[in-house]
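Pasting in a structure now, in structure tokens, and then I'll have a few things to ask.
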């Protein structure tokens, strides 16, 4: 029994002309292509189609990885309109593309974690049926229901006692910052 399964997916990004005088284009992931071939090292992005003020490019192929321990996230994703979350890294050097594909995931929790820094572009794109079926089969094989364990939350300040608790819900110093 494998703990991880992989499927190559191509990342499709839209470049749209911008009305902003400080940037020429805006970038947004718009689709994934199951089983897309990888781009060669020297290959430029593949133009898929274009219109007035916009272009769609296959910018790279990444492995969509499913992990046995993340089936709760996959189930949450499939419970509504399913998405694949695409993370694009912004190019920092002049000779780098403005964006490049960094990660694709089916776990909404993992996708959300990349929004915290604000440095990456993170978007959910529609999940193709082929990928949805593959994820459902993975969940059926690997998901284990874990019972919910409610934990008692202790407050730092208890107004009934008029004092702070010494170490509420902490390990170690609990905010004493090395003071005795």
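Please work out the Cα center distance from the stretch 47-69 to the stretch 114-153, rounded to the nearest Å.
20
How high is the relative contact order of the stretch 1-152, given as a whole-number percent (alpha carbon pairs under 8 Å, six or more residues apart)? Walk me through the numbers before you get to the answer.
Details: 283 pairs, mean separation 36.2, N = 152.
This gives 24 percent for the stretch 1-152.
Can you pull the Kirkwood radius for the stretch 4-142, inverse mean 1/r over Cα pairs, to one decimal in Å? Let's see the in-between values first.
Details: mean 1/r = 0.0633 Å⁻¹.
Across the stretch 4-142, the inverse of the average 1/r is 15.8 Å.
Follow-up question, since we're still on this one. Taking the Cβ of each residue in 88, 103, 78 as the centre, tally the other Cβ atoms inside 10 Å and list the residues starting with the fewest.
Working: 88 24, 103 19, 78 16.
Fewest-to-most Cβ neighbours within 10 Å comes out as 78, 103, 88.
Would you mind getting me the FRET efficiency between residue 2 and residue 23? Use the beta-carbon distance for r and R0 = 35 Å, nearest 0.05.
On the way: r = 43 Å, r/R0 = 1.24.
It comes to 0.20.
Subtracting the Cα-Cα distance from 0.36 nm times the residue separation, let me have the gained length for residue 151 to residue 133 in nm, one decimal. Working shown, then result.
Details: separation 18, 0.36 × 18 = 6.48 nm, distance 3.57 nm.
Length gained between residue 151 and residue 133: 2.9 nm.
Taken together, the values in this text are just the output of simple stated rules run on the coordinates, not laboratory data. Since this is a predicted model, take the numbers as computed values, not measurements. Neighbour counts run over all protein chains shown; Cβ positions are idealised from the backbone, glycine included.
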